Structure formats: C-alpha cells, structure tokens
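S.K.: Take this structure first; my questions come after.
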Amino acid sequence: MATTTLLFIAALMAASCCCSSAQSKSSFEDNFSIMWSEEHFKTSEDGQIWYLSLDKETGCGFQTKQSYRFGWFSMKLKLVGGDSAGVVTAYYMCSENGAGPTRDELDFEFLGNRSGQPYLIQTNVYKNGTGGREMRHMLWFDPTEDFHTYSILWNNHQILFFVDRVAVRVFKNNGETNNFFPNEKPMYLYSSIWNADEWATRGGLEKTDWKKAPFVSSYKDFNVEGCQWEDPYPECVSTTTKNWWDQYDAWHLSDSQKMDYAWVQRNLVIYDYCTDSERYPTLPVECSISPWD
C-alpha cells in the first residue's frame, strides 16, 4: 500500500530543484535544543537515537533551532510500550514555544493505553490560537515494537499527515483568506512526553500508573526539506515552486495516495470533528472542502 506512495514522493524529490530550501543536518545538536528537563533526555552511544522520559516529577521536550514556513517534515518514533495509559507523546509544529493565544500549530499526539489495547493517534490544526479540529485514528501496527515514520507535508494548498508515507489526514486550503488554514507564520518542530491522564486515555478514566515509570519514547532519522525562515522574509517562500514539496503534484493527492487515504477512512477513523454535529451544529467551513480535489 505504502510502496507506490513512497515511489511517488521519491520521484518528485528527484525531479525538483531544492536549492532555495534547507535540509536537515545529521546530529541532534545540529537540529534541536532541549526545552526543559535535560536530565530526562538521553542518546544512544552513537548519538543516532534519542530518548525522552517521563516520571512522576516531569517529562521532557525538544524543539528545532530553526523555524520553517512550508516543507516536508519527518521523524521516526518508537512509542512507550506496555501500560502507558495517561501518557502522551506529542510530535508537532508550532509558531511559538508554549500554548500562546495566537499560535498556529499542527499536531500529532500519541495517546497511551492500557496493555493490550490499541494506541490512538490524534491530529489537530490550529490557526491564530483556535483548534478544535481533532481527528483520531487507530494504527494498523503496534507503534511500540519498532520505529515508524510520521511526517507532515505543508504547503499553501494542503497539509497532509503521513504515517509510514500513508496519508491518514488531508487538510485543504480554499485559496481564500480564511481563519482555518495556517499559512502565514513560520513554525518550529517540537516533540515532548508528558502526563495527560485527565483526558488522554478513555477520556481520563484511565490514570497513569507511576509504578511503571519511567515512560520512554524514542526518536531517530529527523528529516526536513523546507523553507527555513529568515527575517524579514526568506526568498524561498516566494519561489517555493522550485521545490518538490510545493510543486503541482504536491498540491493534491496522487492516485495511489487516494487509494491509501480511502482505506484509512474506511478502516481506521475513530473520530472526526467534521462529523460531530452535536459539537458543531453548524459545521466549520473547511469541512465542506473535498480532500480528493
């Protein structure tokens, strides 16, 4: 299923010129800074795998040193195994450090579970501090057994959330000035692990079992091909069609991506705010935009 999508992306990359965009460097120190609790951060001996841990005292988080506006952002994660109820591993992009009232944000949140129950993945989109655009999916594998790739493709036409190069969520722009599609503010990439047992597992019914701590999430193979922000305005923002992630073929789902996405919609969606008429008696404007166009 994912092979044709991978070939599609590889072909785009090979056919494009990326001279105006930034690509990630190899080491953690080149790309990231620890946000808090450095003693809860570790690396493998060769420095290629990074570990964040959570105990009853605190979690840990990191962020990129650079911000970007549009591009391809990818990381491999292995999530907390065993009984991880109440634990959230967040992997996201945000225009500022902290939940500011005017932030733009693109979220992957991995919601911990009781042993033997499936992990859920929650995505959300914020513009100018307003979110409420949650979707929740099951995964078709156990994300605690091995590393899997989680990616975001962001351009002025669409935002795609990928799991192992399979598009699990499509968030489209309507080409007009609006209050739902974040396309004006550069964002940093973050990841963190933290306790959210007031809501994360079965709506907060399942609490974190601190006897199982520390809870550890693992990371490797960060990759970014994006427009690195430079004040007052980077050249690549106005010339992004030179880059594969903002050429015509990246503005729409390919035929193979549509097949993958249709399969996800049929089998893995647990919650979609666009179908929640009790929460939104008048559905948000973006819910009427077709992901297939």
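The values are calculated or read from the model by the stated rules, or taken from the named source; none is laboratory data. From a predicted model like this one, the values you see are computed outputs, not experimental measurements. Ideal geometry is used to build each Cβ from the backbone, glycine not excepted, and the neighbour counts take in all protein chains shown. We work out accessible area using only protein heavy atoms, side chains counted, and drop any ligands, DNA or RNA first. Shrake-Rupley method; radii C 1.70, N 1.55, O 1.52, S 1.80 Å.
S.K.: For TYR190, only one of the following conditions fails: (1) over 16 Å from the mean Cα position of the chain (by Cα); (2) surrounded by fewer than 20 Cβ atoms within 10 Å (Cβ to Cβ). What is its number?
M.R.: (1)
S.K.: Now for a separate question. Hey, among the residues in the stretch 193-231 that are β-branched (Val, Ile, Thr) and open to solvent by 10 Å² or more (accessible area, probe 1.4 Å), which one's nearest to LYS76 (Cα to Cα)?
M.R.: Among those residues, the one meeting the criterion is VAL216.
S.K.: Give the stretch 267-293 a look and list any residue that's surrounded by 12 or more Cβ atoms within 10 Å (Cβ to Cβ) and in contact with a His (Cβ under 8 Å, 6 or more places away or on another chain), or say none.
M.R.: Correct list: LEU268, VAL269, ILE270.
S.K.: Starting from the stretch 261-279, take each residue that is over 21 Å from PHE110 (Cβ atoms) and list its partners that are hydroxyl-bearing (Ser, Thr, Tyr) and surrounded by 14 or more Cβ atoms within 10 Å (Cβ to Cβ), counting only C-beta distances under 9 angstrom and pairs at least six apart or across chains.
M.R.: ARG279/TYR273
S.K.: Then there is this: Within the stretch 232-245, is even one residue within 23 Å of GLU39 (Cα to Cα), modelled with pLDDT under 90 and open to solvent by less than 60 Å² (accessible area, probe 1.4 Å)?
M.R.: no
S.K.: So, in the stretch 147-159, how many residues would count as being in contact (Cβ under 8 Å) with a residue 60 or more places away in the chain and part of a strand (DSSP E or B)?
M.R.: Of the residues in the stretch 147-159, 8 are in contact (Cβ under 8 Å) with a residue 60 or more places away in the chain and part of a strand (DSSP E or B).
S.K.: Residues to consider are LYS25, LYS56, LYS42; find the one that is modelled with pLDDT of 95 or more and out of contact with any His (no Cβ under 9 Å at 6 or more places or on another chain).
M.R.: LYS42
S.K.: How many residues are farther than 19 Å from PRO182 by Cα and either in a loop (DSSP other than H, G, I, E, B) or among the acidic types (Asp, Glu) (or both) if we restrict to the stretch 274-292?
M.R.: Step one: list which residues in the stretch 274-292 are farther than 19 Å from PRO182 by Cα, which gives 275-282, 292.
Then drop every residue that is not either in a loop (DSSP other than H, G, I, E, B) or among the acidic types (Asp, Glu) (or both), which leaves 276-282, 292.
Residues meeting the conditions: 8.
S.K.: Being surrounded by 19 or more Cβ atoms within 10 Å (Cβ to Cβ), among the aromatic types (Phe, Trp, Tyr) and either out of contact with any Phe, Trp or Tyr (no Cβ under 8 Å at 6 or more places or on another chain) or part of a loop (DSSP other than H, G, I, E, B) (or both) is the requirement here; does PHE162 meet it?
M.R.: So PHE162 fails the test.
S.K.: If you don't mind, there's one more thing I want to ask. Could you pull out the residue among THR58, THR144, THR130 that is free of Cβ contacts under 8 Å to residues at least 24 places away in the same chain and more than 16 Å from the chain's Cα centre (by Cα)? Give the steps one after another, and end with the answer.
M.R.: Working: THR144 fails: free of Cβ contacts under 8 Å to residues at least 24 places away in the same chain; THR130 fails: free of Cβ contacts under 8 Å to residues at least 24 places away in the same chain.
One residue alone meets the criteria, THR58.
S.K.: Select from the stretch 194-227 the residues that are part of a loop (DSSP other than H, G, I, E, B) and modelled with pLDDT of 80 or more and list them in ascending order. Give the steps one after another, and end with the answer.
M.R.: So the first thing to find is which residues in the stretch 194-227 are part of a loop (DSSP other than H, G, I, E, B), and the list is 196-201, 205-209, 213-214.
Passing the criteria: ALA196, ASP197, GLU198, GLU206, LYS207, THR208, ASP209, ALA213, PRO214.
S.K.: I'd like to know if the stretch 247-266 contains one or more residues that are among the aromatic types (Phe, Trp, Tyr), touching a Phe, Trp or Tyr at 6+ places or on another chain (Cβ under 7 Å) and surrounded by 16 or more Cβ atoms within 10 Å (Cβ to Cβ).
M.R.: no
S.K.: What tally of residues in the stretch 241-273 results from selecting those that are under 22 Å from VAL125 (Cα atoms), of a type in the set (Val, Ile, Thr) and part of a helix (DSSP H, G or I)?
M.R.: Qualifying residue count, the stretch 241-273: 1.
S.K.: Please find, within the stretch 34-65, the residue that is nearest to VAL216 (Cα to Cα) out of those that are surrounded by fewer than 17 Cβ atoms within 10 Å (Cβ to Cβ) and in contact with a helix residue (DSSP H, G or I) (Cβ under 8 Å, 6 or more places away or on another chain).
M.R.: ASP55
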